[in-house]
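The values are calculated or read from the model by the stated rules, or taken from the named source; none is laboratory data. As the structure is a computational prediction, the values presented were derived from the model and not from experiment. Because the Cβ atoms are built from the backbone with ideal geometry, glycine has one as well, and the counts that use them run over all protein chains shown.
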């Protein structure tokens, strides 16, 4: 299961690299089209994750959903342009927000690694205990 998710993440990161690189070389019209397409793609992925998570009744997962929704709302509000700011200030603020979003993505990947290894450890311990119990019977 974890290996499959890692393959999915690798593919997503490869695609992210390509899209950022392409965006730096596209003209404004092409970039706006890419932004619209990415926004649609992002919204579909977000809806799919929310749907899957909504079905989960594990309290820690429910807390994660709540936290995710809160972060998404705050990110959306922070990304909106400040009418008092200059064009350059808005561009700098958006770039800073993107930089921190990437930092948090790295942190989330590190957390996913810790949780994955913890889950593997717990599965191995459970298997070991089950094997010992079966040998005692």
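Looking across 105, 109, one residue alone is part of a helix (DSSP H, G or I) and free of Cβ contacts under 8 Å to residues at least 12 places away in the same chain. It is 105. Residue check: is residue 54 modelled with pLDDT under 80, within 23 Å of residue 4 (Cα to Cα), exposed (fewer than 12 other Cβ atoms within 10 Å of the Cβ) and more than 15 Å from the chain's Cα centre (by Cα)? Yes, satisfied.
Of 37, 98, 105, which residue is closer than 16 Å to residue 12 by Cβ, at pLDDT below 90 and either surrounded by fewer than 12 Cβ atoms within 10 Å (Cβ to Cβ) or within 15 Å of the chain's Cα centre (by Cα) (or both)?
Going through 37, 98, 105 in turn, the sole match is 105.
Yes/no matrix, rows are residues, columns are (1) in contact (Cβ under 8 Å) with a residue 12 or more places away in the chain; (2) in a helix (DSSP H, G or I); (3) under 29 Å from residue 120 (Cβ atoms):
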residue	(1), (2), (3)
7	no, yes, yes
18	no, yes, no
23	no, yes, no
32	no, yes, no
35	no, yes, no
40	no, yes, no
43	no, yes, no
53	yes, yes, yes
66	no, yes, yes
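Residues of the stretch 81-95 that are surrounded by 12 or more Cβ atoms within 10 Å (Cβ to Cβ) and in a helix (DSSP H, G or I): 89, 90, 91, 92, 93, 94.
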